[in-house]
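Read-outs throughout are calculated quantities, based only on the coordinates presented, and are distinct from any laboratory measurement. All of these numbers come straight from a predicted model, not from anything done at the bench. Neighbour counts run over all protein chains shown; Cβ positions are idealised from the backbone, glycine included.
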Amino acid sequence: MDSHRVWIWIRNIAIGLVIAAFVAVFGQPSGSTPSGAVAEVNGELIPRDVFEFFRDLTASRSREVLPPNLDPAEARKLIDSQTMNNLIYRYIQAQEAEALGLRVSDEELAQELAANPDFQPDGRFDPQIFERSWRRAGFESERSYTEEHRRDLLIRKFRRLISSPVRISDAQVREMLLRERLRVRLRYGLARAREFRDRVEISAEDARRFASEQPERLDNAYQAQLGQYQQPEQVRVRHILLTGEDALAQADAARVRLTQGEDFGALARELSQDAATRQEGGDLGFFPRGRMLAAFEEAAFALGPGGLSQPVETERGAHLILLEERRAGVDKQLEEVSEELARQLLRDERAQAAARAAAEEMLARLGGGGDFDAVAAELGLTSEETVPFGPLDFTIPGIGRVPGLKEAALTLEPERPHADRVFSDGDSFYVISLLERDEPDPGTLDNEMALAREQLESQARGRVLNQWAESRRKRLQQAGKLVQFPLYPAN
């Protein structure tokens, strides 16, 4: 028996064992509908467990891309949206593949999984390890997990079939590698508008003129700061909550101890049954009317500063209340604060203009050969340096994301180190100058060419496929065959 026939014989035995193991562990495919779904694509449901699996993958890949200070709720929306779009494209491609007659046999699926080292610690497929894998991944069933593997293979066939040949030249590959490996370091001058505010003088006449000429801006500012001008009366109290059949008797005894000079906070930590405030000495912070139980609120607002209530009964038990502080209500109408707001808006506007002017002046002096640090100091700008960064960095350390700044920085050369314009994120203005530019040696890139070419070709094919899938998606939406279900229960 020659080596080729031996290999075929071994392969067939291995595949047979894997298929047998699948049937033993998973059983025959059933036609049951998944218990939950997040979308329906052309009559096919996307199960929730599939969505959650891919959402976890998307989230893990997004950690290095999303801004670190992004609100968690916003981050979740972005990740959910990206996951849903990718899954819809995925199902559309698989459906189109089947419509073209493409199929993935059980043998092909078994061979794919048999080649996965995660499922074969000793070189053979292990059903128990496979089961742990799909359970750990959060799938509701073995079938759901294996069908996603089958869908992967089907989509690969489809992509090979419809993707037009992509040719990437050596020059394109080298350009990508050189661009991605580039590192630059900057010196930058920073003019913050808030640091120019104290230098701006606003006369009463200027404020009145602004108020009369800009009523809409004034009203918008008033509405944005309404909490400062419209506030109800508030009190800050501490309380001790006592519960049980003898709660009132406990409260009377505790009140005696307080009148004899014991500290309210210390006694609250000792006696109070309110777990939420006990360790804070019973401190409830400030609150307006309408937030607390009626009897408690009435007693609290009736006290004077430093006043101690008699025991107050509510549905929670008996309370002793100490008034720490009272804030009078505020009710200032726009007419009363219009000049104050006008001064504020004018000062912000002029401070921003002054900061921009200082940055523009610095840029002009640098163009005339001025020393960076000396010019910055003379004009009142902060002079700082960055650490090295490159095109793949999402933000510039120390600067963050400023529109156009990173792109301009990467084009600077030692022969022309200064950018030709000022960059701004709204409140701050940046003048940048190149300190270092570190480019890789083209001669060292040969070993990376093949992998880089594969990445570029894959990206190009992906763009073609996504354009096709988006076109198909729009047609399904127009035909009413694409439905997305709520991801989370309504509040």
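Tabulated data for the structure shown
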quantity	calculated
Approximate spin-label separation Arg278-Asp441, in nm, with each point projected 7 Å along Cα-to-Cβ	7.0
Lysine pairs within the chain, Cα separation less than 30 Å, 8 or more sequence positions apart or different chains	5
Full-stretch length increase - Asp170, Arg401 - with 0.36 nm per residue and alpha-carbon distance subtracted	79.9 nm
Value of relative contact order over the range 233-328, rounded to a whole percent, pairs C-alpha under 8 Å and six or more apart	44
Kirkwood hydrodynamic radius (C-alpha pairs) into Stokes-Einstein, the chain, 25 °C and 0.890 mPa s, D in µm²/s	79
FRET E, pair Arg217, Ala115, Förster distance 56 Å, beta-carbon r, rounded to 0.05	0.25
Residues Asp420 and Gln467, FRET efficiency given R0 of 35 Å [Cβ-Cβ distance, rounded to 0.05]	0.45
Per-pair calculated FRET efficiency, R0 = 30 Å: Leu308 and Glu340 via Cβ, rounded to 0.05	0.15
